[in-house]
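The values are calculated or read from the model by the stated rules, or taken from the named source; none is laboratory data. Worth saying up front: this structure is predicted, and the values here are computed from it rather than measured. Cβ atoms come from the backbone with ideal geometry, glycine included; neighbour counts cover every protein chain shown. Surface accessibility is based on the protein's heavy atoms, side chains included, excluding ligands, DNA and RNA. Shrake-Rupley method; radii C 1.70, N 1.55, O 1.52, S 1.80 Å.
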Amino acid sequence: MRLEVLEKDCYYHIYNRGINGTDLFESEENKIYFLKQLAKYTENKISILAYCLMKNHFHLVIRLNSDEKEVTQAFSNLFNSYAKAFNKQIGRTGSLFEKHFKRIKLTDENYLRRLVIYVHLNPKHHLDQDFKNFRFSSFQAFLSDKKTKIERTEVLNLFGDFNNFIFCHNQKNDFLNETFTFE
């Protein structure tokens with residue numbers, strides 16, 4: 001499988017899952033640590049528009065602020081750092097993530113909007129949980145006035161405004177399952 005080349009100033013869907021379906025996160029503390037490492041290793045290299053951390057996979061919607069080599073190295077450092085800490089914590093060895101992280105370049109604003117919704121609705125589709133109250137998704141950052149590393153203004157502008165952002169998330173989104181199929 002040939003990996004998409006990462007280009008500065010472009011938007012991407014970054015995702016991966018645990019090797020052989022293994023869990024990436026066994027606790028909330030694991031997810032908090034992953035987010036801290038994400039911030040540490042990617043600061044100023046990417047902008048995050050949306051994210052969701054599920055038990056055995058994650059999704060990020062990002063824009064590159066640096067060149068491919070710098071961003072790829074930052075993600076490599078993030079995943080290696082997290083895997084070492086996770087493996088040590090639970091007493092396992094070996095690879096935690098499937099090979100290379102997957103990436104899809106987003107070239108269409110409509111696709112970008114649908115992807116943000118898809119990422120936020122992941123808890124509903126995978127766990128039948130209320131996505132609005134799911135703690136490890138960027139959706140909460142849009143409901144709050146608290147400082148965040150999420151590109152809140154950019155995403156809300158993409159949807160027109162806050163009310164339309166909420167409206168779009170509350171629609172019946174069966175088309176999302178047909179639109180996004182990931183391997």
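Some observations on this one:
- Accessible-area value, Thr107, 1.4 Å probe, nucleic acids and ligands omitted, Å²: 120 Å²
- Ser27 sits with roughly 30 Å² accessible to a 1.4 Å probe, with DNA, RNA and ligands left out of the calculation.
- Evaluating 6.51 cos²θ - 1.76 cosθ + 1.60 at θ = phi - 60° for every residue in region 106-121, the Karplus couplings come out as 9, 10, 9, 4, 5, 4, 4, 4, 4, 5, 4, 5, 4, 4, 5, 7 Hz, glycine and proline recorded as x.
- Global geometry of region 103-152, whether rounded, prolate or oblate, following the gyration tensor of its Cα atoms and the 1.5 cut on a/c: oblate
- On the principal axes of its alpha carbon atoms, region 11-62 extends 30, 21, 15 Å, with the longest extent given first.
- Gain on full stretching of the segment that runs from Ser95 to Ser76 - 0.36 nm per residue minus C-alpha separation: 5.6 nm
- Computed E for Asp9/Asn170 - FRET, C-beta separation, R0 35 angstrom, nearest 0.05: 0.65
- The listed residues Tyr12, Tyr33 rank as Tyr33, Tyr12 when sorted by accessible area, largest first, using a 1.4 Å probe.
- Theoretical ellipticity at 222 nm over the chain - DSSP helices of four or more residues, -39500 (n - 2.57) apiece, nearest 500: -14500 deg cm²/dmol
- In region 74-116, the portion of solvent-accessible area held by carbon and sulfur atoms comes to 46 percent [1.4 Å probe, whole percent, DNA, RNA and ligands not counted].
- You can think of it this way: the chain between Lys40 and Lys146 has 36.2 nm of extra reach, that is 0.36 nm per residue less the Cα-Cα gap.
- For the chain, built as a Gaussian network whose Cα springs stay under 10 Å, the top-fluctuating residue of Lys124, Lys147, Lys84: Lys147
- Calculated on the Cα set of the chain, radius of gyration then Dmax: 15.8, 48 Å.
- Convex hull volume per residue for region 1-98, taking Cα atoms only, in Å³: 95 Å³
- Overall form of region 64-140: oblate. Here a/c, set by the Cα gyration tensor axes a ≥ b ≥ c, is 1.5 or more, and a/b is not larger than b/c.
- Given charges at Cβ of Lys, Arg, Asp, Glu: region 1-133 dipole, positive-most of Gln89, Val61, Phe131: Gln89
- A 1.4 Å probe, protein heavy atoms only, puts the accessible area of Arg17 near 100 Å².
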